[in-house]
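Take a look at the structure below.
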Amino acid sequence: MRWAATVDADLRLRRLGRTLRVSLAIGTALAMAGQSSAAPAGPATSGAITARSSVPGDRSPNILFVLVDDMGFADLSIMGNRKVATPNIDRIARDGVLMTQFYDPAPICSASRAGFLSGRFPAELGFISYISGRESNAALGQANWLDPKLPNVARILKTAGYATAHIGKWHLGGGRDIGDAPRPTAYGFDQSFTTFEGLGPRVLVSDEERQLAEESAKLGNGPAFWEIKTRLTELYCDMTVDFVAQHSDAPWFVNLWFNDVHDPWAPGDEALSTVMGHGDSADDDRYLATLVKMDKTLGRMFSRLEQMGEMDNTLVVFTSDNGPSSLQRYYRGDETAPGSVATLRGRKWSNYEGGIRQPLVLYWPGHAKAGYRDETTVASGVDLLPTLAHIVGAPVPAGVAGIDLSPVLRGGQVGPRPALFWAYGKEGAEKQPPQPTQPRDVAPPFAVRDGNWKLLAGFGGVDPQLYDLSSDPGEAANLADSQPTVRDRLLKRLKRWAASLPRYKPAS
């Protein structure tokens, strides 16, 4: 397979030089990554079984889970972006399965990531926003970190015989003033390498969000070195290839979670020069350049893995954690902030479609139906755990909210799924999470989707909004008054679910 980003001799030499320099800084970090953590590691994983696929006659696939940070529903060129092209991501989407009714577990990073990893609705675990400092978390009713004793994707795969690594952004505990959170290795990862929103071996960004990096440096709890933001994605991809090279004799799982395309964007001058003027503003140019550079870096990594013979039996899962940024500083008059949601309503921090709906790419040569675009299956990040468990032949833990999506890989269908729920904020809390700048994007804190119907409501079920997504994906026509039977049925279910969530407890 030829990827759009080919590796020429000059690039190889530059990468080799960079790899040698980086190795001096991170060699010890990687060696230490699988060792002690700052919290109990949860259930032991001794007695691991040999990885065995549920697909007859096949070894379990390697699994690469690529999670982008703050990408819009329509940012990929295969999803309609005409400003720039993302040929490498488009390629795995065209050679695999592309799902367009896929939902993030939450409209915000930490909560969404908790849902991806655990297979449960984040609010049930105390995740209703992003993890900040202790005081802010207490005022919101937000957990300081994900409970490492919970069953999760990494531990399930490790128990099934996989070599496991987390590389990239974490944001499930650690950072700011929280230095006693568990490291990623407490969750079933053999090795971890993260950034300032996590502990253990990590890279600290020297030019953007410097304050957060300096706070992380003061915490200790793992070796760290400094790097500029534009180099992080290449660093993460190089480390992924290195991990795969060390574990090619057994199935491997890599959680590859990028800092791209979260603002502030740092594409570098060379990448920016290639897209200058393609965007609607200078901010949009920087966003698009970051997107294009990420795609090229992924293409180089895919090419290297292919040369190693690792892509033939690798399942690549690609999506984003929530919608694009909605901060005021990225609006100029009538301009829209960078990141496209097409005709959807809402962005990051919103339970409307633009804040929680993403494309999902599933690429697995010989197993995923090439060229299959699924526009109808309603899927969620909480489905990742049961889907991967089924593929490797592992049992699904009790309490998981997701369903097995593996039939979609073959172009099949899944049965009627249980309803999906979202909570962004906590009733009675001292403060609530941030909201989008534009009034039309500010959504109620609770939402449920059941079939084609989606209902949103405020705390206590007030001011319900009802939308038929089959005819109105842009959530423009509120049918709450004209469809009282549907409204009342879904509102009852939503209120019952909300009542089951952990209650806010003021700090003593």
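We did not get these values from a lab; they are worked out from the coordinates using the rules stated. This is a predicted model, so every value here is computed, not measured. Here Cβ is always computed from backbone atoms with ideal geometry, including for glycine, and neighbour counts include all displayed protein chains.
Values as computed for the structure displayed
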{"quantity": "Dipole magnitude of the range 279-431 about its Cα centre (Cβ charges: Lys, Arg +1; Asp, Glu -1), debye to nearest 20", "calculated": "80"}
{"quantity": "Segment R82-I228, length gained on full extension (0.36 nm per residue, minus Cα span)", "calculated": "49.6 nm"}
{"quantity": "Neighbour-count order for Y424, Y504, fewest beta carbons within 10 angstrom listed first", "calculated": "Y504, Y424"}
{"quantity": "Inter-label distance, nm, simple model (7 Å from Cα along the C-beta direction), E270/L327", "calculated": "2.7"}
{"quantity": "Peptide ranges 428-436, 292-300 listed from the most packed, as the mean C-beta count within 10 angstrom indicates", "calculated": "292-300, 428-436"}
{"quantity": "Label-point gap, in nm, between A398 and R94 - each point 7 angstrom along Cα→Cβ", "calculated": "4.8"}
{"quantity": "Most to least packed among 308-320, 478-490 [average Cβ atoms within 10 Å]", "calculated": "308-320, 478-490"}
{"quantity": "Total charge dipole magnitude, the range 421-499, about the Cα centre, Cβ charges on Lys, Arg, Asp, Glu only, Debye to nearest 20", "calculated": "320"}
{"quantity": "Residues R496, R134, R345 arranged by fewest to most Cβ contacts within 10 Å", "calculated": "R496, R134, R345"}
{"quantity": "Charged-residue dipole, Cβ positions (Lys, Arg, Asp, Glu), the chain about Cα centre, Debye nearest 20", "calculated": "960"}
{"quantity": "Linear extension gain, Q307 paired with D280, 0.36 nm per residue minus alpha-carbon span", "calculated": "5.9 nm"}
{"quantity": "Beta bridges per DSSP with both ends in the chain, % antiparallel, nearest 5", "calculated": "40"}
{"quantity": "Among the listed pairs K149/K495; K158/K218; K169/K296, those beyond 22 Å (Cα-Cα)", "calculated": "K149/K495; K158/K218"}
{"quantity": "Eligible aspartates and glutamates near K426 by straight Cα distance, threshold 16 Å, same-chain separation 8 or greater", "calculated": "E124, E135"}
{"quantity": "Whole-percent pair-distance distribution, where bins are 10 Å wide, for the alpha carbons of the range 421-499", "calculated": "19, 52, 26, 3"}
{"quantity": "Residue (of H171, H278, G126) at the positive-pole extreme of the chain, dipole from beta-carbon charges", "calculated": "G126"}
{"quantity": "Sites R59 and K495 - FRET efficiency at Förster radius 51 Å, r taken between beta-carbons, to 0.05", "calculated": "0.65"}
{"quantity": "Top positive-direction residue, dipole computed over the chain with Cβ charges, set L219, L157, L232", "calculated": "L157"}
{"quantity": "Neighbour-count ranking [beta-carbon atoms within 10 angstrom, fewest first] of W265, W226", "calculated": "W226, W265"}
{"quantity": "Proximal charge balance of R440 [Cβ under 14 Å; K/R count +1, D/E count -1]", "calculated": "-2"}
{"quantity": "Full-extension gain in nm, A370 to E430, via 0.36 nm per residue minus C-alpha separation", "calculated": "16.6 nm"}
{"quantity": "Farthest positive-ward along the range 276-398 dipole, Cα basis, beta-carbon charges - from T314, H390, P338", "calculated": "P338"}
